[in-house]
Amino acid sequence: MEILRTEQSLNLCFKPLNMLDQSDLKVCYLNARSLHKHIEDVRKHINYSSMDIVIFTETRFNSSDTDDIYNINGYRLFRNDVSQGTSPGRPCGGTAVYSRVPLKEGYSYAHNVNGIEFTIIKTESNPHLNIIGVYRSPNIVISRLLSSLRSVLDEDSSAQNIIIGDFNVNWMVESDRQSLYNLMVVQNHYRQLIIGFTTDNRTLIDHLYTNLIEKEIEAGILETYFSDHKAILASLRT
């Protein structure tokens with residue numbers, strides 16, 4: 001072990017997230033499959049504590065849960081909780097945003113449409129960029145997703161956007177993605193940057209759309225042991 005630590009040490013084939021350029025804005029999204037259950041896993045995970053903004057969906061927070069249950073050191077928490085209605089137990093949805101960079105006044109805020117969770121984020125350092133977290137339950141028909149996205153895009157068609165989240169549309173299957181592809185890529189000229197599987201079921205249902213130019217943003221996927229979803233990442237040149 002001493003030889004491996006000194007004479008024969010190997011360079012990593014990837015750059016750890018905590019060693020990325022500190023001038024970049026680092027954004028992460030994960031469907032946590034109950035952040036209520038996995039909050040300690042997140043607190044102890046160096047990759048999540050290396051992010052500037054982390055968006056979690058399927059938090060399963062109750063409105064009666066206090067923020068201190070879910071606080072993470074150095075981060076400010078915003079909750080976009082959903083109602084559990086008359087169902088017993090915890091709600092299946094919910095979004096949480098953790099930010100360690102100053103946000104523009106009035107942000108984050110919830111903008112849920114047609115049962116789809118939209119959480120809008122803007123930073124003080126880049127107030128012209130919208131970071132939009134999305135969660136669509138598979139129980140909600142795709143036409144409602146398309147209508148909701150149109151309403152969000154039409155609010156400011158000239159805005160710079162990163163739209164990131166679980167769309168529950170498998171990008172690997174052309175027939176599944178066609179209507180979403182037509183709306184985002186063909187009609188609105190966005191790029192979808194995630195190209196690998198984002199779940200353990202070998203589907204690509206977590207997407208990142210942006211109208212930023214290629215040199216301004218990089219994206220990737222992060223394995224996550226406590227969820228069947230992988231995290232998706234974006235590093236923005238600031």
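Quick notes on this structure:
- Helical segments meeting 18 Å axial Cα length and Kyte-Doolittle 0.0 threshold in the chain (DSSP H): 142-155
- Debye log10 I(q)/I(0) for the range 131-182, one point scatterer per Cα, at q = 0.15, 0.22 Å⁻¹: -0.43, -0.91
- For the chain, a Gaussian network of Cα nodes joined below 10 Å ranks I221, I46, I142 by mean-square fluctuation, and the top entry is I46.
- Residue range of the chain that is longest and free of GluC sites (Glu not before Pro) which are both DSSP loop and sparsely packed (at most 16 other C-beta within 10 Å): 125-222
- Spatially proximal lysines relative to K215 (Cα-Cα < 19 Å; intrachain offsets below 8 disregarded): K15, K26
- Here's the picture: charge each Lys and Arg Cβ at +1 and each Asp and Glu Cβ at -1 in the range 104-238, and of Q178, T203, L222 the one pushed furthest to the positive end of that dipole is Q178.
- Residue order for D81, D176, D206 - accessible surface, 1.4 angstrom probe, largest first: D176, D81, D206
- Based on the Kirkwood approach, the hydrodynamic radius assigned to the chain is 18.5 Å, with every pair of different Cα atoms included.
- The range 48-142: trypsin sites (Lys or Arg not before Pro) in DSSP coil with no more than 16 other Cβ atoms inside 10 Å: R100, K104
- Across the protein chains, with a 1.4 Å probe defining accessible surface, the residues D154, D52 rank D154, D52 from largest area downward.
- Shape class of the range 120-234 from the alpha-carbon gyration tensor: oblate, with a/c at 1.5 or above and b/c at least as large as a/b.
- Under the combined filter of DSSP loop state and at most 10 neighbouring Cβ atoms within 10 Å, the range 153-238 retains these trypsin sites (Lys or Arg not before Pro): R202.
- Dipole moment magnitude, nearest 20 debye, the chain about Cα centre, only Lys, Arg, Asp, Glu C-beta charged: 180
- Dipole magnitude of the range 36-82, debye to nearest 20 (Cβ charges: Lys/Arg +1, Asp/Glu -1, about Cα centre): 80
- Of all DSSP bridge pairs formed entirely within the chain, close to 75 percent run antiparallel.
- Convex hull volume of the Cα atoms of the range 97-184, normalised per residue: 104 Å³.
The values are calculated or read from the model by the stated rules, or taken from the named source; none is laboratory data. It should be emphasised that the depicted structure is a prediction, and the values quoted were computed from it without experimental measurement. No Cβ is skipped: glycine too gets one built from the backbone with ideal geometry, and neighbour counts run over all protein chains shown. For accessibility, only protein heavy atoms count, side chains too; no ligands or nucleic acids. Shrake-Rupley method; radii C 1.70, N 1.55, O 1.52, S 1.80 Å.
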